[in-house]
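Okay, structure first, notes after.
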Amino acid sequence: MASTHVDLARAEWVSGVEFYGPSAVYEGRDIVQLKILSDRRAEGGGIAWLGKFSPPPGKLIKIVATALSDEHVFNLAGGRATKSGAPARDAGGYTLNPEGQPHSALIAEETVSLVIYRGEPDEIVSLDVVDVGA
């Protein structure tokens, strides 16, 4: 198999609706966007993407999911937040959600993450936009 190379500067951000569901659009604006880096699921492999999460001002993106395969998440910019919107994990952090692990995230500022799945991506249980502090 040949190597795969993606020029990130030229790769387009696409709507995250295919993987995150219709709630990835809020008031007509994509709040979850992806740059698909590789998708080898048809060959028994996994999928990797850059994910950009852009909550509206004064709001949090709240994601609840279950890992359908091992999920590796590297926060490149932004990070996770508390319900009050305060930073909980900064850029540069790494998380492993093993297959079967229920997990969640609160995102209060634009966040970009490299997400690598060993197989299928997460099952998104819910994606909601909530008021900071709610």
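The values are calculated or read from the model by the stated rules, or taken from the named source; none is laboratory data. The shown structure was predicted, so the numbers you read here are calculated from the model rather than taken from an experiment. For neighbour counting, all protein chains shown are included, and Cβ atoms are generated from backbone atoms with ideal geometry for every residue, glycine included. Each accessible area value is taken on the protein alone, full model and side chains, heavy atoms only, with ligands, DNA and RNA left out. Shrake-Rupley method; radii C 1.70, N 1.55, O 1.52, S 1.80 Å.
Of the residues in the stretch 69-80, at least one is under 14 Å from the mean Cα position of the chain (by Cα) and basic (Lys, Arg).
Which of the residues spanning the stretch 16-33 are under 16 Å from Ser54 (Cα atoms) and loosely packed, with under 15 Cβ neighbours inside 10 Å? Passing the criteria: Gly21, Pro22, Glu27, Gly28, Arg29. For the stretch 55-68, the tally of residues that are in a loop (DSSP other than H, G, I, E, B) and under 11 Å from the mean Cα position of the chain (by Cα) stands at 0. The number of residues in the stretch 39-72 that are open to solvent by 40 Å² or more (accessible area, probe 1.4 Å) and over 19 Å from Val129 (Cα atoms) comes to 9. In the stretch 80-134, the residue that is nearest to Leu37 (Cα to Cα) out of those that are among the basic types (Lys, Arg) and modelled with pLDDT under 95 is Arg80. Taking every residue in the stretch 53-73 that is at positive phi and pairing it with any residue that is of a type outside the set (Ser, Thr, Tyr) and in a loop (DSSP other than H, G, I, E, B), at least 6 positions away or on another chain, the pairs with Cβ-Cβ distances below 7 Å are Gly58/Val132.
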